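Each remark here refers to the structure printed beneath this line.
The values are calculated or read from the model by the stated rules, or taken from the named source; none is laboratory data. Note that this is a predicted model, so its numbers are computed, not measured. Here Cβ is always computed from backbone atoms with ideal geometry, including for glycine, and neighbour counts include all displayed protein chains.
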Amino acid sequence: MPASLLEWSVPAAILLCAIGLCAARFVGFNTLRWGGALGSLGTGYAIMLVQASELSPYKQAVEDAFILGGVILACRALQSRRGRQPPCYIDVAVLLASTAMVIVSVVLFSSAKLETFFVQACCALVIWRATLPFARQVETTSDKVLTAAFLFIALVLTGQCVLYLAAPTPLLAMGEWRTSVWGTLIQYTGLLGSIALTFAVFIATSYDAIEKYRRQAHTDALTGLLNRQGLDTLLASVSRRPFSDNAGPTGVIMADIDNFKRINDVFGHAFGDMVLARFGALLRPKADAHICAARLGGEEFLLLLHGENLESATAIAEEIRANFVAQRWAPHAPNSRFTASMGVTLVQAGEPFANALKRADDLLYTAKRRGRNCTVSDEAPGGAVNGLSRFSNKAGGEKCCARA
């Protein structure tokens, strides 16, 4: 019996979803893998509607291979979001095993029920295998949307397999199965899953694009650190939680590269950019271990340290300063050494961050007035202990680092 127009609407709708995802690639969306997966799935459902001899296992094997192949491609697209792919041989083994079981079901048992069950079970297995590890590492909204879609499809397929086994075997010839209740259910389940996946991919991709542009807007392109807008957004998002009484002390380090205008004038702006990038690279490991590092503009930087007292925060500032002095600049400036000045303070419990930032900035310029290439630290007005601290200077000798 020829397929009706309504039946052809299922593969047509799936292939339209595939075309839409592939086309989205040309406007900057990373959806080509998803389009390929739905293209394979839609092709399988289209082959299902083609008339063929019920004694031939080839049509069933090919259509089921396309359907399972589409599911495998979709799962690999999901896993690629983690930056790593499982070995291909596992997917190939599942595909070959499914094809073998389909041929056995058709040739030995002439059973459309067994054929359908094996393919559905393999599809469910592949999805569960990909989704469960992915769900344990979900971080972004995009990942949550995709995880929900894949779990929904996996649950539907698993429930369908259970019901299919429990239901009595219909007395249908192979060619009549397509028009049966189960055949119709299988087709529209595929359509529902494809549409759900398409919407999930577009939603996830949109969230990815928003996050990408947000990250670009909040990141200094030269150093990879936060810019001032990114810092303001971070501070607003935490709503002073890092600075509460039970969160532990928060250290603030303000840093400024000494005589940076002269560096630009003597060596050029390209070399000056390299100096800024190198200094940012010294801050980045500390930022990863603590709260954040930011370039506030020009040659001025900020580092926020979580859970550090004044002494340890000052030691971190001195480590960065000494490492910067020890940098080598061959071949551009092989005999030059560049320095930085630091101001270090702590955010007091309940204190507005702006107050601590201004205090760190004042301490930084105290370091500038005292000859540059040093660190000046103080907890808060009236809370400082006068004295001197000496830290090893990797460029040679010792550098006096005053406490205000």
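Could you tell me which of the residues K113, K144 is assigned to a helix (DSSP H, G or I), without any contact (Cβ under 8 Å) to a residue 12 or more places away in the chain and not β-branched (V, I, T)?
One residue alone meets the criteria, K144.
What are the residues in the range 126-145 that are under 12 Å from the mean Cα position of the chain (by Cα) and loosely packed, with under 13 Cβ neighbours inside 10 Å, if any?
Scanning the range 126-145 gives Q137, E139.
How many of the residues in the range 353-372 are buried (at least 20 other Cβ atoms within 10 Å of the Cβ) and touching a Phe, Trp or Tyr at 6+ places or on another chain (Cβ under 9 Å)?
1
Report yes if L363 is in a strand (DSSP E or B) and more than 25 Å from H269 (Cα to Cα), otherwise no.
No.
May I ask you to list the residues in the range 297-309 that are farther than 20 Å from K368 by Cβ and surrounded by fewer than 23 Cβ atoms within 10 Å (Cβ to Cβ)?
Once the filter is applied, which keeps residues that are farther than 20 Å from K368 by Cβ and surrounded by fewer than 23 Cβ atoms within 10 Å (Cβ to Cβ), the range 297-309 yields H306, G307, E308, N309.
Give A281, A340 a once-over and let me know the one that is closer than 25 Å to T219 by Cα, buried (at least 22 other Cβ atoms within 10 Å of the Cβ) and at pLDDT 90 or above.
One residue alone meets the criteria, A340.
Just wondering, is there one or more residues in the range 286-307 that are aromatic (F, W, Y), assigned by TED's automatic domain parsing to the domain that holds D232 and over 32 Å from the mean Cα position of the chain (by Cα)?
Within the range 286-307, none of the residues are aromatic (F, W, Y), assigned by TED's automatic domain parsing to the domain that holds D232 and over 32 Å from the mean Cα position of the chain (by Cα).
Considering only the range 51-72, I want to know if a residue exists there that is under 23 Å from the mean Cα position of the chain (by Cα) and either exposed (fewer than 15 other Cβ atoms within 10 Å of the Cβ) or assigned by TED's automatic domain parsing to the domain that holds I103 (or both).
Yes, the conditions are met somewhere in the range 51-72.
All but one of (1) modelled with pLDDT of 85 or more; (2) under 28 Å from F267 (Cβ atoms); (3) touching a strand residue (DSSP E or B) at 6+ places or on another chain (Cβ under 8 Å) hold for A326; which doesn't?
(3)
Sort out which residues of the range 353-398 are basic (K, R) and either modelled with pLDDT of 50 or more or in contact with a helix residue (DSSP H, G or I) (Cβ under 8 Å, 6 or more places away or on another chain) (or both), and write them in order of number.
The answer is K358, R359, K368, R369, R370, R372, K394.
Among the numbered criteria (1) buried (at least 22 other Cβ atoms within 10 Å of the Cβ); (2) free of Cβ contacts under 8 Å to residues at least 40 places away in the same chain; (3) touching a Pro at 6+ places or on another chain (Cβ under 7 Å), which one does A46 miss?
(1)
Going by the structure shown, is F152 in contact (Cβ under 8 Å) with a residue 40 or more places away in the chain and closer than 30 Å to S206 by Cβ?
The answer is yes for F152.
Within the set of pairs 6+ apart or on separate chains, which have a first residue in the range 196-207 that is in the same structural domain as I153 (by TED's automatic domain parsing), a second that is in a helix (DSSP H, G or I) and of a type in the set (V, I, T), and C-beta atoms under 6 Å apart?
Taking only residues 6 or more apart or on different chains, the pairs are A200/V145; I203/V145; A204/V145; Y207/T141.
Just one of (1) at pLDDT 90 or above; (2) more than 22 Å from the chain's Cα centre (by Cα); (3) within 30 Å of A23 (Cα to Cα); (4) crowded, with 19+ Cβ neighbours inside 10 Å trips up V275, so point out which.
Of (1) at pLDDT 90 or above; (2) more than 22 Å from the chain's Cα centre (by Cα); (3) within 30 Å of A23 (Cα to Cα); (4) crowded, with 19+ Cβ neighbours inside 10 Å, only one is false for V275: (3).
Among the candidates T189, T250, which residue alone is in contact with a Pro (Cβ under 7 Å, 6 or more places away or on another chain), surrounded by 15 or more Cβ atoms within 10 Å (Cβ to Cβ) and at pLDDT below 90?
T250
Give just the number: which of (1) among the hydroxyl-bearing types (S, T, Y); (2) assigned to a helix (DSSP H, G or I); (3) over 34 Å from the mean Cα position of the chain (by Cα) does S341 not satisfy?
Going through (1) among the hydroxyl-bearing types (S, T, Y); (2) assigned to a helix (DSSP H, G or I); (3) over 34 Å from the mean Cα position of the chain (by Cα) one by one, S341 breaks only (2).
Report yes if A293 is assigned to a strand (DSSP E or B) and out of contact with any Gly (no Cβ under 7 Å at 6 or more places or on another chain), otherwise no.
Spelling it out, A293 is indeed assigned to a strand (DSSP E or B) and out of contact with any Gly (no Cβ under 7 Å at 6 or more places or on another chain).
If you go through the range 48-80 one residue at a time, how many are assigned to a helix (DSSP H, G or I) and at pLDDT below 90?
Matching residues across the range 48-80 total 4.
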